[in-house]
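Here is the structure we will look at.
The values are calculated or read from the model by the stated rules, or taken from the named source; none is laboratory data. On a predicted model such as this, the values are computed, not experimentally measured, just so you know. Cβ placement follows ideal geometry from the backbone for every residue including glycine, while neighbour counts extend to all protein chains displayed.
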């Protein structure tokens with residue numbers, strides 16, 4: 001099975017794959033961008049894909065929700081990953097030696113307080129955390145550090161200068177497992193994702209939310225997504241957890257009638273956040 005990820009080996013997407021699928025049950029297809037990942041999955045170059053959609057510090061990644069809708073992907077699972085960011089550089093370097101810090105913009109955002117406390121370090125955006133680490137070792141770049149996970153330091157032979165530099169320690173990213181087919185893991189499913197537009201009438205969205213309550217569906221996320229080319233118009237993405245599948249199926253039928261362009265994006269098993277003190 002080939003799984004498309006954004007980034008390279010030892011990236012957080014790679015770690016999420018390891019957690020969800022195990023170490024020996026897949027082959028990675030490394031993609032520089034999320035659109036490249038989406039194209040690989042849609043064309044069949046990859047069997048599945050894993051995509052970050054939200055982080056407890058940085059919030060929702062709206063362009064990725066838009067890609068899921070654009071390519072009509074099915075959500076077949078999710079996994080939460082504790083994100084521990086580390087500053088790493090060539091062996092022998094010290095914090096005082098570092099004047100440039102490379103990483104994905106999301107990682108730089110998650111570590112903004114550390115960078116503010118070290119004004120001699122300038123953050124430079126790259127497309128991936130782990131690839132920033134690889135570049136430092138490959139090109140032997142003194143005075144340059146990367147922000148990435150511990151596995152990246154181990155893989156590319158870098159020294160960790162400062163551990164766990166993220167702004168908040170309870171830092172988690174939610175990753176969705178995507179497919180062009182419906183879910184093949186039906187055991188334990190208890191969560192659904194939907195996308196829809198509402199009619200331009202007073203209380204239209206409130207009516208939808210009341211329906212969720214009526215059918216005992218516990219909403220875990222509501223996200224408005226801008227519609228390209230239509231200013232002030234939005235689609236809505238909602239995730240909800242349920243205990244009775246029959247209630248979920250009945251609610252979906254009613255929601256289809258009450259909304260515009262309704263899509264059931266997936267039914268899958270809710271992931272667990274690996275809380276740590």
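Below is a table of values for the structure above.
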| item | result |
| --- | --- |
| Where residue 204 falls short, out of the listed (1) in contact with a helix residue (DSSP H, G or I) (Cβ under 9 Å, 6 or more places away or on another chain); (2) surrounded by fewer than 15 Cβ atoms within 10 Å (Cβ to Cβ); (3) within 21 Å of residue 38 (Cα to Cα) | (3) |
| Residue that is nearest to the chain's Cα centre (by Cα), among those in region 118-143 that are in a helix (DSSP H, G or I) and surrounded by fewer than 18 Cβ atoms within 10 Å (Cβ to Cβ) | 135 |
| Among (1) in contact (Cβ under 8 Å) with a residue 60 or more places away in the chain; (2) outside any loop (DSSP other than H, G, I, E, B) - the single one residue 106 does not satisfy | (1) |
| From 10, 16, 32, residue being in contact with a helix residue (DSSP H, G or I) (Cβ under 9 Å, 6 or more places away or on another chain), outside the structural domain of residue 222 (by TED's automatic domain parsing) and under 29 Å from residue 235 (Cα atoms) | 32 |
| Qualifying position, being outside any loop (DSSP other than H, G, I, E, B) and surrounded by fewer than 16 Cβ atoms within 10 Å (Cβ to Cβ), among 253, 263, 272 | 253 |
| Candidate set: region 238-250, residues that are without any contact (Cβ under 8 Å) to a residue 40 or more places away in the chain and outside any loop (DSSP other than H, G, I, E, B); chosen: the one surrounded by the fewest Cβ atoms within 10 Å (Cβ to Cβ) | 246 |
| Number of the condition not met by residue 46 [criteria: (1) assigned to a loop (DSSP other than H, G, I, E, B); (2) surrounded by fewer than 22 Cβ atoms within 10 Å (Cβ to Cβ)] | (2) |
| Sole residue being crowded, with 18+ Cβ neighbours inside 10 Å, under 22 Å from the mean Cα position of the chain (by Cα) and without any contact (Cβ under 8 Å) to a residue 60 or more places away in the chain, chosen from 152, 146 | 146 |
| Residue match in region 226-237 (condition: at pLDDT 90 or above and out of contact with any helix residue (DSSP H, G or I) (no Cβ under 9 Å at 6 or more places or on another chain)) | no |
